[in-house]
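Working notes for the structure below.
The values are calculated or read from the model by the stated rules, or taken from the named source; none is laboratory data. Fair warning: this is a prediction, and the values are worked out from it, not measured in the lab. Virtual Cβ from ideal backbone geometry, glycine too; neighbours counted across all protein chains shown. Surface accessibility is based on the protein's heavy atoms, side chains included, excluding ligands, DNA and RNA. Shrake-Rupley method; radii C 1.70, N 1.55, O 1.52, S 1.80 Å.
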Amino acid sequence: MLAFSTAGTLLSSMRSGVSEIIPVVFSNMMILLCYGIMWAALRMFTGRRVFLPVVCSGPVIWLLFCLYPAFYHSLEQRIFLTSLLTAAYTLLATLELWHARRQLHVTYWPALPLSFFHACFYLARPFFDDGLPYAEMAGGHSSGFFAILIFEAILYAICLSFIILAMVYERGQLGYKQASLSDPLTGVGNRRAFLERGNELVRKRKNNDFPLQLILFDLDNFKRLNDQYGHAGGDSALVFFCNLVNSSLEKKDIFARIGGEEFACLTTRPRDQAIRMAENIRFQLAENSQHNIPMTVSAGLAFSEPDQDSISHLLIQADHALYRAKSAGKNRIELS
Ligand SMILES: Nc1nc2c(ncn2[C@@H]2O[C@H](COP(=O)(O)OP(=O)(O)OP(=O)(O)O)[C@@H](O)[C@H]2O)c(=O)[nH]1
């Protein structure tokens, strides 16, 4: 991208008044292609599909217009079209930066006004740019707007480069954080994530009273399942169970794998609904086990008191209930 914009600018500065085809036609094609590539790069950054025709349409439109002598010889019209195409690409890039807010927390913010300002600058350019010094380069005159144009372009390129570096860095950091909080096998949160988010919810509950229930699930006879179906069979059983629970979660529920075959679900549903949810999961697992691998699960439920400020007490209570469920024959639910 940098190579294209440098080459485009260099070509643009080669105007001699004798032959302007390369500086006028090709330099602007390269600069517009550079904007198209920037849009594509931001699409890739946000994990969205890149459309090659969009990347190339700016340079192609420019080339087609330049084939008309009336357009080619009108500096005003050329300024209007390059400005319009540049603004269009920059607005598309701004839209991609807006999409980046789903993946980033901080660094996309400065890029948004910067990119939007750049688009507005090019939308306004045709009203202020008299075409100097291009028209009178040979005579050595210079336009005030030309200096602003160059200054804005340099400022935009430098600021955007730093912001994009910061965006890449932030995404890397968030990726590491996400990896440290999720279970690689099942994709659900791990114990650390559960304790972090769970404690946060318990603290929130102290100020705003809402129901909070903890369900501890433990797959039954998992050692035997591993022995019978192999470790790979055990792994896919764990994934199957997580998918089953995930399909019955509500937005606010926190679900995580907190041990080998032990899972925790913190829910803000009322007590009777939490019991129904646990019972439903237990029933569905016993009825629909995957690949003919019979599976059952035991669960212990605990209900949070308003004065609690950490999840550990709730975990101990649910663990006692789970122990009772195991002792009473497994494939059942006990309340604390
Ligand atoms: N396949 C697989 N097995 C695991 C994983 N993590 C832990 N396990 C196995 O889970 C089994 C747990 O065994 P136990 O703690 O004895 O529990 P259990 O056999 O389910 O017995 P109960 O809890 O009393 O029903 C062990 O054999 C572990 O090796 C994993 O990621 N994948």
Review point. So between VAL50 and ASN288, what do we pick up on full extension, going 0.36 nm a residue minus the alpha carbon distance?
Key: 81.6 nm
Check your understanding: List the lysines whose alpha-carbon lies under 17 Å from that of LYS251, not counting same-chain residues fewer than 8 positions away?
Key -> LYS204
Review point. Compactness ratio of the stretch 225-310: Cα Rg over 2.2 N^0.38 Å, N = residue count?
Key: 1.19
Check your understanding: Once you list every other residue whose beta carbon is under 13 Å from the beta carbon of ILE150, what net charge do they have if Lys and Arg are +1 and Asp and Glu are -1?
Key -> -1
Review point. Which of VAL245, TYR229, GLN213 sits farthest toward the positive end of the charge dipole of the stretch 195-261, with +1 on the Cβ of Lys and Arg and -1 on the Cβ of Asp and Glu?
Key: GLN213
Practice item. Set the Förster radius R0 to 25 Å, insert the Cβ-Cβ distance between ASN221 and ARG192 as r into 1/(1 + (r/R0)^6), and round the FRET efficiency to 0.05. Key: 0.35
Review point. Could you work out the helix-only [θ] at 222 nm for the chain, with each DSSP H run of four or more residues adding -39,500 (n - 2.57) and the total divided by the number of residues, to the nearest 500 deg cm²/dmol?
Key: -21000 deg cm²/dmol
Review point. Once the stretch 188-336 is represented by equal point scatterers at the alpha-carbon sites, with solvent omitted, what log10 I(q)/I(0) does the Debye formula produce at q = 0.10, 0.13, 0.18, 0.21 Å⁻¹?
Key: -0.32, -0.54, -1.01, -1.34
Review point. Could you name the aspartates and glutamates in cross-link range of LYS223, using Cα to Cα under 18 Å and dropping any fewer than eight places away on the same chain?
Key: ASP235, GLU261, GLU262
Point to revise | Solvent accessible area, Å² - THR46, 1.4 Å probe, full protein context | key: 20 Å²
Practice item. Please express the shape of the stretch 249-290 as an equivalent ellipsoid: the semi-axes are the square roots of 5 times the eigenvalues of the C-alpha gyration tensor, given largest first in whole angstrom. Key: 18, 16, 8
Check your understanding: Hey, how much of the P(r) for the chain falls beyond 34 Å, as a percent of Cα pairs?
Key -> 50 percent
Practice item. Work out the charge dipole of the chain with +1 on the Cβ of Lys and Arg and -1 on the Cβ of Asp and Glu about the Cα centre, then indicate which of ASN190, TRP62, THR90 is farthest towards its positive end. Key: ASN190
Review point. What is the spin-label model distance, in nm, from SER57 to ALA70 if the labels are put 7 Å beyond Cα along the C-beta direction?
Key: 2.4 nm
Check your understanding: Along the charge dipole of the chain, which of GLN173, LEU112, ALA100 sits closest to the positive end, that is, farthest toward it, with unit charges on the beta carbon of Lys, Arg, Asp and Glu (+1, +1, -1, -1)?
Key -> GLN173
Point to revise | Long-range HN-HN contacts of VAL188 with modeled amide H, under 5 Å | key: ASP183
Exercise for review: Compute the normalised compactness of the stretch 185-238: alpha-carbon radius of gyration over 2.2 N^0.38 Å, N being the residue count.
Suggested key: 1.63
Check your understanding: Got a number for the accessible area of LEU64? Probe 1.4 Å, square angstrom, nearest 10.
Key -> 90 Å²
Check your understanding: Contour minus end-to-end for GLU305 and GLN103, with contour as 0.36 nm per residue of separation and end-to-end as the Cα-Cα distance?
Key -> 69.2 nm
Check your understanding: Between the stretch 151-227 and the stretch 285-333, what's the alpha-carbon centroid distance in Å?
Key -> 24 Å
Revision key, fill the gap. Long-range amide H partners of LEU335, meaning residues 5 or more apart or on another chain whose placed amide H is closer than 5 Å, are LEU301
Check your understanding: How would ARG49, ARG257 line up by accessible area, probe 1.4 Å, largest first?
Key -> ARG49, ARG257
Review point. What dipole magnitude, in Debye to the nearest 20, does the chain give about its Cα centre under +1 on Lys/Arg Cβ and -1 on Asp/Glu Cβ?
Key: 540 debye
